[in-house]
Amino acid sequence: MKKTPLEKGLYYLSRRRFAECLLALEPAADLYRDSFVYYLTGGLACLYLDDFGSANLYFQRARQFSSTNPTLLLGQAVLFLRHGDTNRAVQYYLDVLEQEPKNRIAKKGMAFIKEKGTAEDIFRLIDNNKLKDFYPSIGINPDIFTFALMLLAVAAVAAAVFLFMSRPRDIRFWRSGNGLEAQDFYLSTDDLKNIGTSEFPDASFSYHYTDAELEKIYRNAYKCATAPVGGDDSVHRANTARLEANKILNSNASDLVKSRARDIIAAIEADREHEPTFNTLLEGERFSCSDVMADPLLYNGCWIVWSGRLYNEEVGDGTFRYEFYVYDDSFEHPEGRFDIEFTKVPAKPVQGDRMVQILAKIESGVSDDGGVYVLLREKEYIPMMRNQSKVQSLNQK
């Protein structure tokens, strides 16, 4: 809601933006000609700007509406003090103390006049810019709280970083975020020092990582497997967790770390409740056909959503296998060919020129002859059609 001129003036006054306070007030003089608060606010702004003549005019107008307000009395008293009219200043301070016996500024003004109060003392007070010590209080600047909160926030972040950096480097997880009773995925400080194997340094691994890289991969695998995305317990980054765990299994990681990676994979496999669907498999979790073809073993157990065409049905013992030709986003060019297995006969015709979108799990490994095999295991599919370069879902199983 838009502030009134007086509300703006009070806002600027409290924040010591005195010139802006007057700029807000002065155009609205006719609107507030009968307002005590208006004249008091203007007088205080002028006083703090050392515009004593204007402050006196504002205070005199305010006095027409209230002659007993302590803030107004203190403002007028300091003007009398500045002019050396200590008798009237004392009278105004006494009027304040009658209402507020513990008023600090009135007591301080009385003490100054009693102990010093000569023209020379007052001149020295003004010359040393100490007259402001007797100005009426306008409260604590709210911006101080904002600044203090910022300092506290910075201090809290710094403390958190310090505690994080100085913490014992053991990794211990007690319960996964997706509700699984997780194994105790424990890596001690010594384990972390030897996270990469020192045995058989010339052994052939698919991936060679430094100890720091292996620790980062392991932490990310667990985090992605257990932490819900955006506070939604139904959505996890298990696909990335499986990918990270596969990196460890195919790397120079120690046997202990590989064992922990297998534990993470086992936890993911056991959590059937959170297996992905078309709607819950995140965009960043959808691996491309080219990525999988480049390194099939790395994506073993991961989920994909690809579009393409199915050919050459083979019916087995309770299974239906096809050749799946995966197409690019334009649906014009095939990117790769995979065997895909359905566990039950498709409810809709899927062979031939009709495009289908498929959610499937990758199964990859090394065959007996030393080659790498890849099989897709279908979970859901959507028959699709092309219409003016757009692909539209017809129905979903």
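Structure notes:
- Cβ-Cβ under 6 Å pairs, at least 6 apart or on other chains, region 74-85 side touching a residue at least 40 places away in the same chain (Cβ under 8 Å) and in a helix (DSSP H, G or I), far side hydrophobic (A, V, I, L, M, F, W, C) and surrounded by fewer than 24 Cβ atoms within 10 Å (Cβ to Cβ): L74/I105; G75/F59; V78/F134
- Flag for F287 being over 18 Å from A225 (Cβ atoms) and assigned by TED's automatic domain parsing to the domain that holds L359: no
- Candidates F80, F59, filtered to the one that is in contact with a Lys or Arg (Cβ under 7 Å, 6 or more places away or on another chain) and not polar (S, T, N, Q): F80
- Selection within region 345-365: residues that are under 46 Å from the mean Cα position of the chain (by Cα) and assigned to a loop (DSSP other than H, G, I, E, B). The member of this set that is modelled with the lowest pLDDT is K348.
- Taking the criterion of being in contact (Cβ under 8 Å) with a residue 24 or more places away in the chain and farther than 13 Å from N69 by Cβ, the only residue of region 94-105 that qualifies is I105.
- Search result, residues across region 315-344 that are assigned to a strand (DSSP E or B), more than 17 Å from A294 (Cβ to Cβ) and in contact (Cβ under 8 Å) with a residue 40 or more places away in the chain: F324
- If you go through region 1-23 and pick out every residue that is over 25 Å from F80 (Cα atoms), among the hydroxyl-bearing types (S, T, Y) and assigned to a helix (DSSP H, G or I), you end up with 2.
- Some residue of region 283-296 being over 23 Å from K379 (Cα atoms), aromatic (F, W, Y) and either part of a helix (DSSP H, G or I) or touching a helix residue (DSSP H, G or I) at 6+ places or on another chain (Cβ under 9 Å) (or both): no
- Taken over region 24-57, the residue count meeting the criterion of being under 18 Å from S14 (Cα atoms) and in a helix (DSSP H, G or I) is 17.
- A single entry from F324, F342, F320, F338 fulfils the requirement of being over 40 Å from the mean Cα position of the chain (by Cα), crowded, with 17+ Cβ neighbours inside 10 Å and under 30 Å from H208 (Cα atoms): F338.
- Only residues that are buried (at least 18 other Cβ atoms within 10 Å of the Cβ) and either among the hydroxyl-bearing types (S, T, Y) or touching a residue at least 24 places away in the same chain (Cβ under 8 Å) (or both) were counted across region 49-70, and they come to 5.
- In summary, L73 fulfils each of the numbered conditions (1) under 45 Å from the mean Cα position of the chain (by Cα); (2) modelled with pLDDT of 90 or more with the single exception of condition (1).
- Counted residues, region 220-254 - those being assigned to a helix (DSSP H, G or I) and either modelled with pLDDT of 85 or more or polar (S, T, N, Q) (or both): 15
- Enumeration of residues in region 255-282 that are surrounded by fewer than 21 Cβ atoms within 10 Å (Cβ to Cβ), in a helix (DSSP H, G or I) and in contact with a Ser or Thr (Cβ under 9 Å, 6 or more places away or on another chain): D255, K258, E273, H274
- For beta carbons closer than 7 Å, sequence separation of 6+ or different chains, a first residue in region 21-45 that is closer than 18 Å to P136 by Cβ and a second that is outside any helix (DSSP H, G or I) and of a type in the set (A, V, I, L, M, F, W, C), the qualifying pairs are F36/F65; L44/I138.
- Flag if R16 is under 24 Å from E100 (Cβ atoms), modelled with pLDDT under 90, of a type in the set (K, R) and out of contact with any Phe, Trp or Tyr (no Cβ under 6 Å at 6 or more places or on another chain): yes
The values are calculated or read from the model by the stated rules, or taken from the named source; none is laboratory data. Predicted model, so just to flag it, every value in this text is computed and none were measured. Every residue, glycine among them, receives a Cβ derived from its backbone with ideal geometry; neighbour counts consider all protein chains shown.
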